[in-house]
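Report on the following structure.
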Amino acid sequence: MMIGEVIRKYRKKKELTQEEMANLLGVTAPAVNKWENGISMPDISLLSPIARLLDVSLNELLSFKSELSIREIQELSLKLDQISETESYEAAFTWGEKQIEDYPNCEKLIYNFSVTLDTKRYIMRIPDSEKYDSRILNWYEKLLNSSDESMKISAADALYNYYLRNENYKKAAEYLSCFSMESLERKRKTAVIYEKAGETEKAYKEYEEILISTYRLNTMVFNSLFSLKCKENDVEMAEYYTQKQKLLAELFDSGEYSIIAADMELAQFQQDKDKTLACAERMLQSLNSLYSCSSSPLFSHIITKVPEPDAAQKMRESIIYSLKYDESFTYMSSDPRWNELLSK
């Protein structure tokens, strides 16, 4: 990246027009335009004022190469390892810091070096390793501004782990804002903070909510996989996914109803009248198990709604209505046993 491109990038990031930047520097707007288009270069006396105005270092302003290839990064990372092993951690850190200064816009290099140097100081048990904190943390903080979402999250994760390791739980929690609110990893990290901070009840609730969400998500995924195999008329794999759904329901204490419901879907796909009838009878007999999760030790710290006294009866009526009018059960309409069951 040439200096003009660097100026344009950070001017826009500061939300300055060329004219506004020119006025602040005491030059003309056409001069700024020429810099950005590579027609001319700023006078050397303006480099420091430009860097200050754009909140970048001189090294960054003058960086003509912002990216390295994956191979180049791997080669530099290998050299960093070699220096730490054959010389010293201090030598490796000094050399690594110099590479970051030379390539201040290469985010992959910054991240790789930051993680490597951050980890090695603990593995190598470097005395007074905290003296490197500010520089390593500054590198991570810089990556939080990345336009690459995965890089931003990786940097936030590194900062979270640093402050968690140092028992600064309030600061660690701040970096969770970089994770999606729906992210299960965000919830898990929140639970870890509660656990470390001694807020056990909150930790249990977070962990148990993750279990519930995981169960629901995996159930939906297995349902989708099952549906795909049904469309392909792949009976063997449909049966396979049915068994997985049943194991999942058992693992998460979801109750007998959920296990039977998986069998019912397979019976529908196969249009097996005897199996469909048996599943329907068992489903209607196991309605109370719909609330198994609320009494399971797995979820004992989550406040659950107590089912209404007539909840099972209402569910029974709903299921019978569905079995009567769902077109996917048309193959059962001529079976007298089916009609007798639904008329009870």
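D157 meets all of the listed conditions (1) crowded, with 16+ Cβ neighbours inside 10 Å; (2) more than 26 Å from the chain's Cα centre (by Cα); (3) among the charged types (D, E, K, R) but one, namely (2). Only a single criterion out of (1) part of a helix (DSSP H, G or I); (2) open to solvent by 90 Å² or more (accessible area, probe 1.4 Å); (3) under 30 Å from G26 (Cβ atoms) is not satisfied by N145, namely (1). Take the conditions (1) over 30 Å from the mean Cα position of the chain (by Cα); (2) surrounded by fewer than 19 Cβ atoms within 10 Å (Cβ to Cβ); T116 misses just one of them, which is (1).
Among the residues in segment 162-173, are any part of a helix (DSSP H, G or I) and within 16 Å of the chain's Cα centre (by Cα)? Give the derivation first.
Just the residues of segment 162-173 that are part of a helix (DSSP H, G or I), to begin with: 162-165, 169-173.
The next check asks that each one be within 16 Å of the chain's Cα centre (by Cα); those that pass are 173.
Checked segment 162-173: at least one residue is part of a helix (DSSP H, G or I) and within 16 Å of the chain's Cα centre (by Cα).
Within segment 166-191, residues that are in contact (Cβ under 8 Å) with a residue 24 or more places away in the chain have Cβ atoms under 7 Å from residues that are part of a loop (DSSP other than H, G, I, E, B) and of a type in the set (G, A, S) in these pairs: Y169/A197, counting only partners at least 6 apart in sequence or on another chain. Criterion applied to Y207, Y194, Y291 was being of a type outside the set (D, E) and touching a Pro at 6+ places or on another chain (Cβ under 8 Å), and the one residue passing it is Y291.
The values are calculated or read from the model by the stated rules, or taken from the named source; none is laboratory data. Because the structure is a prediction, the values reported are computed rather than measured. Cβ atoms come from the backbone with ideal geometry, glycine included; neighbour counts cover every protein chain shown. Accessible surface areas use protein heavy atoms only, side chains included; no ligands, DNA or RNA. Shrake-Rupley method; radii C 1.70, N 1.55, O 1.52, S 1.80 Å.
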